[in-house]
Amino acid sequence: MRLDANLGWLFTELPFEQRFDSAAAAGFTGVEYADPYPYTPAWLTKRLSDAGLKQVLINTPGTCMDANFRDGVDQSLEYAVELGSSFLHLVGGTVPDGVSPDRAFARYVGNVAWAADRATGCGVQLLLEAQSKPGFVLSSQEQAAAVAGEIGVGLLFDVFHAQVMETDLLGSLTESLPVTRHVQIGDSPGRGEPGTGDIPWPGVFAVLAGHDGWIGCEYQPVADTASGLKWIKELLP
Ligand SMILES: O=C(O)C(=O)CO
């Protein structure tokens, strides 16, 4: 399985610029982070190439609910192309106060379709993710997979969020796998390393044997990042 390190969550003991080398030294070959925007693409590209890392994923700067969402898509596509990122996560966002869920959902779908059109031919795959945050526009894997399939973008299956949202995590993961292009992992409750919560990881990794892609480590290390990586030897098949 190809694991990548989310540098917004892992190696945060170090300044951002040092996290690339630490991820590579720990054996990761790819990285993701939600927020590249404080840095220039050239600066980030140098960190990646010096450490020999692949950029796997970045997020849009805002969410699909924001009035300036479309400007954010253009900016994030420029970053994703320059960094050679495989994926751009179109962050869904929460239903704004005073807007009905139906109206918010229609705005969401319209914005995702617009972004998909905008991304045509640029070599970056767009992803949608359901999240367990209260009021999040995509509130189940089934709903996220349906929108992704309809518009022709991919699904980001976040195992932590899914464990909180779904009654049958393994069933949901199995059903979602055909449209899942990227996976993120963290245990629940607590969002620590796999093995620190209740998620049935042997079952999760058995299903993920059918996932031909990256698995992003998006968890909060319980102690320090390096010692927490022991879960890889303990739990990966
Ligand atoms: O913000 C979060 O909780 C996410 O899972 C982003 O991918």
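The values are calculated or read from the model by the stated rules, or taken from the named source; none is laboratory data. Small disclaimer: the values here were computed from a predicted structure and weren't measured. Here the Cβ is made from the backbone with ideal geometry for all residues, glycine too, and neighbour counts use every protein chain on show.
Remarks
- Residues of segment 152-176 satisfying the condition of being buried (at least 19 other Cβ atoms within 10 Å of the Cβ) and either at pLDDT below 95 or among the β-branched types (Val, Ile, Thr) (or both): Val153, Val159
- Count of residues meeting criterion [under 26 Å from Ser227 (Cα atoms) and either among the hydroxyl-bearing types (Ser, Thr, Tyr) or in contact with an Asp or Glu (Cβ under 7 Å, 6 or more places away or on another chain) (or both)] in segment 21-45: 7
- Some residue of segment 177-187 being surrounded by 21 or more Cβ atoms within 10 Å (Cβ to Cβ), within 15 Å of the ligand (Cβ to nearest atom) and polar (S, T, N, Q): yes
- Enumeration of residues in segment 212-237 that are surrounded by 19 or more Cβ atoms within 10 Å (Cβ to Cβ) and under 21 Å from Ser176 (Cβ atoms): Trp214, Ile215, Gly216, Cys217, Glu218, Tyr219
- Residues of segment 162-217 classified as within 16 Å of the chain's Cα centre (by Cα) and polar (S, T, N, Q), total: 4
- Total residues in segment 114-149, condition at positive phi and within 16 Å of the ligand (Cβ to nearest atom): 1
- Scan segment 188-211 for residues that are among the hydroxyl-bearing types (Ser, Thr, Tyr) and within 16 Å of the ligand (Cβ to nearest atom) and the total you get is 1.
- Residue count for segment 154-175, restricted to those that are touching a helix residue (DSSP H, G or I) at 6+ places or on another chain (Cβ under 7 Å) and away from the ligand (no atom under 15 Å from the Cβ): 5
- Residue that is nearest to Glu218 (Cα to Cα), among those in segment 78-109 that are of a type in the set (Gly, Ala, Ser) and exposed (fewer than 13 other Cβ atoms within 10 Å of the Cβ): Ala106
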